[in-house]
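Peer 1: What follows is a single structure, and I will ask about it in a moment.
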Amino acid sequence: MHCLTSGLISNTLFIMSAIYTFIIVILAILAVTGLFVGVSNDAVNFLNSALGSKAAPRKVILTVASVGIIIGAITSSGMMEVARSGMFNPSLFTFHEVMLLFLGVMFANIILLDLFNTLGLPTSTTVSLIFCLLGSAIAVSIYKIAATPDTTFSDLGSYINTARAMGIVSAILLSVVLAFTCGMIVMYISRLIFTFRYAKIFRHFGAMWCGLSLTAILYFALFKGLKAPLGNTDFMIFISEHIRIAIVIAWVVCSIILWILQRLNVNILKITILAGTLALALAFAGNDLVNFIGVPIAGFDSYKMALDAGNTEMLMDGLNQAAPANFLFLLGAGIIMVITLWTSKKAMHVTQTELNLSKQDEAEERFGSSLFSRTIVRAVLNMNNWYSRVVPQRLQNSISKRFAPLTDQERTNASFDMIRATVNLTTSAILISIATSYKLPLSTTYVTFMVAMGSSLADRAWGRESAVYRITGVMTVVAGWFVTGFGAFLIALAVGLALIYGGTVAVIVISVLCGWLLIHSNFKSKSKEATEKEQPAEVKMKDVVQQCIDEVCDTMEKITRLYDRTLIAVFKENRKVLREMVKESNELFYQSRERKYKELPTLQKLQDSDINTSHYYVQVVDYLSEATKALVHITRPCFDHIDNNHEGMTKEQIEDLMDINDEVEKIYRHINQMLKSNDFSDIDQVLEQRDHLFESIAEAIKRQLKRIKNRETSTRSSMLYLNILSETKTLVLQSRNLLKSQRYFLDNQSVSTQNTVAQTQPSAQQQS
């Protein structure tokens with residue numbers, strides 16, 4: 001009997017060991033995945049200043065950041081207290097409960113960060129980890145309290161450390177306000193000193209200024225990035241005790257070295273920016289590594305404890321003891337982070353969000369307008385009016401002169417200049433360093449982002465044309481930070497409850513589901529992603545012509561199809577089809593509107609010889625936009641009419657509209673044929689068809705007015721009917737105008753090309 005019992009126990013332990021081994025394997029896979037998604041989001045913290053200013057080629061910037069990451073990873077303390085015992089009391093949890101808790105944390109953390117990467121929004125991996133730990137720990141605590149008779153939910157506080165979570169929330173608010181304000185003030189003063197044409201004055205004072213920046217960056221690297229490996233060494237103790245003297249000496253030494261390099265025609269701004277990039281990357285790897293591998297390592301340590309004890313129900317008191325991570329783990333994590341940095345498209349997507357919001361020149365805005373942003377802009381404009389009345393005009397002119405923007409000839413394709421990049425790096429380094437010394441929980445992500453936004457505002461990058469969109473973008477990102485905490489908590493809570501109650505089946509199902517989500521997010525949609533490439537400095541007109549022809553033909557064919565389907569759906573009162581038509585017509589309109597916004601940058605890059613024909617291109621784009629707008633004004637009222645269950649069209653109205661539809665279809669068939677063939681010889685025939693259509697529309701309106709007088713139709717159906725006729729007239733009119741402009745555009749382009757060829761080829765007389 002004893003042998004039988006022992007055998008059963010051994011088999012049970014074997015089975016349980018296999019399950020936990022599976023969990024360890026999943027945690028290892030999730031650790032690697034966590035490094036990929038985490039670095040993809042956090043890369044924005046140390047890359048954007050260098051990338052935005054184009055301080056060096058992209059490969060050089062990534063190489064410098066990679067060196068910083070490797071140094072930061074291998075010199076990391078590896079102390080995983082946050083993951084091991086920062087949010088919960090492990091002495092009250094068994095090995096089984098802790099393993100499921102860790103698994104829930106990793107699932108939730110990776111899903112959330114990947115979602116933010118897909119949206120292109122930077123967030124804090126620290127916040128995500130903390131609230132995932134909190135959510136998963138509460139889930140397991142609920143299970144324990146429910147399974148233990150002598151405990152109630154009032155005992156939840158003994159299981160959970162909520163003070164840390166509240167500190168994170170306060171850190172968000174503190175980081176947002178402090179970083180934005182400091183970035184704005186420092187950038188304003190810097191621009192007053194150097195202006196946008198800073199070459200001359202920078203020659204005299206640049207070494208001192210960059211020396212101060214480099215000193216701040218070195219201080220940051222020592223006390224934030226290398227604090228763990230240096231620890232309580234004599235060097236660090238001496239620096240801490242004589243910090244003011246050390247800073248002054250460092251400033252003087254750095255300034256002298258940079259002055260010498262400057263006299264040797266070395267761009268010291270590039271050195272400062274790359275040094276700042278290195279320092280931020282080092283600090284990121286050294287301090288945030290726990291966010292990615294802390295939980296899996298804690299799970300592995302727990303597994304070893306249970307395996308050594310031979311008991312899966314033991315309490316995990318051992319997690320309260322600090323344990324440094326294995327060097328090979330740290331090195332492997334650093335290598336994976338570097339690989340991610342070089343290969344991740346999502347990292348570039350997140351990076352592009354901040355660059356678009358801080359770009360000095362006008363660009364295609366990613367975010368729309370909002371009531372909040374419009375209110376802020378109006379308030380600022382009112383303050384500016386007050387400023388104009390109070391401040392002397394002479395002083396205003398003097399300040400405006402310091403902020404005079406660069407001309408088109410002076411501009412580069414960088415998002416902002418190196419002065420702003422240096423300000424961003426220096427201000428971020430100083431704020432994080434001071435916060436660390438005073439033990440203030442400032443987030444690196446929040447500080448670097450808000451400093452960049454504050455400097456953009458001070459640098460007058462947010463003009464009247466872009467301010468509402470930029471403010472909306474900033475508020476979207478900030479709101480996402482709070483969503484990070486709330487979302488991480490809820491996801492981890494749900495996953496934790498599913499795992500603790502679902503057991504092995506839940507582990508397998510959630511593992512498969514998480515894998516599918518990550519594959520779907522990162523690989524399936526890869527075909528739809530357009531690789532970001534720099535636009536050429538000069539655009540050839542022939543490329544513009546071909547692109548214009550393709551877009552016009554495609555849009556006109558869609559307009560024809562959507563118009564026909566909309567009328568038929570109205571006749572049949574098909575709400576589903578009408579909803580589709582509204583969606584497709586809106587997409588068509590937004591595409592044409594975006595084309596209008598891209599019009600100016602395209603024209604700016606055209607060669608001088610193409611300017612004579614470019615105004616026809618402007619007309620084509622404008623008429624195309626107006627045609628799509630008319631289509632929206634048809635589809636939307638039609639859907640609203642049927643969606644509100646109003647009375648449908650009468651037989652007479654349907655017959656009139658069917659005749660109109662036949663004429664419109666005939667006109668568009670003719671227009672599309674000419675656009676595809678580039679043969680406009682029958683354009684007068686389209687004019688005759690248009691005039692006949694307008695006569696038919698006029699007659700249809702007269703018949704409808706008679707029906708209205710005789711009360712044969714309802715008011716709303718009459719309004720819809722007349723609206724369709726009116727917008728149809730506008731639609732055809734704009735389409736015919738587009739056809740005319742397209743003909744002039746192509747004809748004049750052909751003449752321009754012939755003239756160019758004739759000018760470039762020497763005549764027979766010249767040859768002789």
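Peer 1: Quick check on my filter: what residues within the stretch 402-423 are without any contact (Cβ under 8 Å) to a residue 12 or more places away in the chain and not hydroxyl-bearing (S, T, Y)?
Peer 2: The answer is Q409, and nothing else.
Peer 1: Kindly check whether there is at least one residue in the stretch 620-635 that is without any contact (Cβ under 8 Å) to a residue 24 or more places away in the chain and assigned by TED's automatic domain parsing to the domain that holds D554.
Peer 2: Initial filter on the stretch 620-635 (without any contact (Cβ under 8 Å) to a residue 24 or more places away in the chain): none.
No, the stretch 620-635 contains no residue that is without any contact (Cβ under 8 Å) to a residue 24 or more places away in the chain and assigned by TED's automatic domain parsing to the domain that holds D554.
Peer 1: I need the full set of residues from the stretch 461-506 which are assigned to a loop (DSSP other than H, G, I, E, B) and either surrounded by fewer than 16 Cβ atoms within 10 Å (Cβ to Cβ) or of a type in the set (A, V, I, L, M, F, W, C) (or both), in order please.
Peer 2: A461, W462, G463, R464, E465
Okay, residues lined up against (1) over 30 Å from E410 (Cβ atoms); (2) of a type in the set (K, R):
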{"site": "D308", "(1), (2)": "yes, no"}
{"site": "K346", "(1), (2)": "yes, yes"}
{"site": "S370", "(1), (2)": "yes, no"}
{"site": "Y387", "(1), (2)": "no, no"}
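Peer 1: Can you name the residue in the stretch 668-725 that is of a type in the set (K, R) and closer than 30 Å to R743 by Cβ and, of all such residues, is surrounded by the most Cβ atoms within 10 Å (Cβ to Cβ)?
Peer 2: The extreme case among them is R690.
Peer 1: Would a scan of the stretch 145-155 turn up a residue that is in the same structural domain as N89 (by TED's automatic domain parsing), in contact (Cβ under 8 Å) with a residue 60 or more places away in the chain and touching a Leu at 6+ places or on another chain (Cβ under 9 Å)? Please lay out each step first, then the result.
Peer 2: Restricting attention to the stretch 145-155, the residues satisfying the condition of being in the same structural domain as N89 (by TED's automatic domain parsing) are 145-155.
Retained after the next criterion (residues that are in contact (Cβ under 8 Å) with a residue 60 or more places away in the chain): none.
Taking every residue of the stretch 145-155 in turn, none turns out to be in the same structural domain as N89 (by TED's automatic domain parsing), in contact (Cβ under 8 Å) with a residue 60 or more places away in the chain and touching a Leu at 6+ places or on another chain (Cβ under 9 Å).
Peer 1: Among what's in the stretch 705-717 and is of a type outside the set (D, E, K, R) and over 50 Å from the mean Cα position of the chain (by Cα), pick the residue that is nearest to G648 (Cα to Cα). Break it down stepwise before answering.
Peer 2: Start the filter on the stretch 705-717 by keeping residues that are of a type outside the set (D, E, K, R), which leaves 705, 708, 710, 713-715, 717.
With the extra rule that they be over 50 Å from the mean Cα position of the chain (by Cα), the set shrinks to 705, 708, 710, 713.
Numbers: L705: 17, I708: 15, N710: 18, T713: 10 Å.
Within the stretch 705-717, the match that is nearest to G648 (Cα to Cα) is T713.
Peer 1: Output the number of the condition that N265 fails; it satisfies all remaining conditions of (1) exposed (fewer than 15 other Cβ atoms within 10 Å of the Cβ); (2) under 25 Å from I61 (Cα atoms); (3) within 34 Å of the chain's Cα centre (by Cα).
Peer 2: (3)
Peer 1: Name the helices (runs of 4 or more DSSP H) wholly within the stretch 63-177 that hold at least 2 residues that are at pLDDT 75 or above and closer than 26 Å to A479 by Cβ?
Peer 2: 95-119, 125-147
Peer 1: In the stretch 404-459, which residue that is among the charged types (D, E, K, R) and at pLDDT 80 or above is surrounded by the most Cβ atoms within 10 Å (Cβ to Cβ)?
Peer 2: The selected residue is R420.
Peer 1: When you look at V290, is it modelled with pLDDT under 75, under 27 Å from the mean Cα position of the chain (by Cα) and assigned by TED's automatic domain parsing to the domain that holds V67, yes or no?
Peer 2: yes
Peer 1: Filter the stretch 303-343 down to the residues that are at pLDDT 80 or above and of a type in the set (V, I, T), then identify the one that is farthest from the chain's Cα centre (by Cα).
Peer 2: I335
Peer 1: Now, a different point. Only one of (1) within 18 Å of I471 (Cβ to Cβ); (2) modelled with pLDDT of 85 or more fails for V380. Which number is that?
Peer 2: The failed condition is (2).
Let's see how each residue does on (1) within 43 Å of the chain's Cα centre (by Cα); (2) assigned by TED's automatic domain parsing to the domain that holds Q653; (3) more than 28 Å from D622 (Cβ to Cβ); (4) not in a helix (DSSP H, G or I):
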site	(1), (2), (3), (4)
S681	no, yes, no, yes
L693	no, yes, no, no
I697	no, yes, no, no
R703	no, yes, yes, no
Y721	no, yes, yes, no
L725	yes, yes, no, no
V732	yes, yes, no, no
S735	yes, yes, no, no
L739	yes, yes, no, no
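The values are calculated or read from the model by the stated rules, or taken from the named source; none is laboratory data. Please read all numbers here as calculations on a predicted model, not as lab measurements. All Cβ positions, glycine included, derive from the backbone under ideal geometry; neighbour counts span all protein chains shown.
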